[in-house]
Amino acid sequence: MTSVSVHSDQITLPNEVSELLAIKDGDELDLSVHQGTIILKPKFRRDAIKQKTSSLVAMIGKGQGAFKSPEEVDRFIRNERNQWD
């Protein structure tokens with residue numbers, strides 16, 4: 001988990017977070033609070049959305065053979081979801 005400091009009611013995102021989410025100076029973030037947790041979501045620009053979509057399309061088929069059966073995929077996903085709480 002990455003930590004940030006608050007200075008004069010402002011936070012600075014770490015470089016690795018900004019780069020990972022393609023957040024640039026001046027970009028806006030949606031802020032919400034849910035059960036005492038602050039949630040920041042980038043308001044993506046159209047060009048950033050297009051870039052992320054094309055990179056997802058490039059991933060199609062990359063995981064082929066990672067699971068032996070659809071049932072194994074289902075077990076994996078259910079196990080991951082059970083760990084969310």
Once amide hydrogens are built 1.01 Å from N within the peptide plane, the residues lying 5 or more places from Leu29 or on another chain with amide H under 5 Å from its amide H are Lys43
For the stretch 1-43, just the Cα set please: Rg and Dmax, both in angstrom.
10.9, 29
How long is the gain from Asp74 to Ser5 if the chain were fully straight, where each residue apart is worth 0.36 nm and the alpha carbon distance is subtracted?
20.9 nm
Provide the FRET efficiency to the nearest 0.05 for the Asn15-Ile38 pair, computing r from the beta carbons and using R0 = 22 Å.
0.65
From Cα pairs below 8 angstrom and at least 6 apart in sequence, can you work out the relative contact order of the stretch 1-43, rounded to a whole percent?
24 percent
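Every read-out reported here was derived from the displayed coordinates using simple, explicitly stated rules and does not represent laboratory data. Fair warning: this is a prediction, and the values are worked out from it, not measured in the lab. No Cβ is skipped: glycine too gets one built from the backbone with ideal geometry, and neighbour counts run over all protein chains shown.
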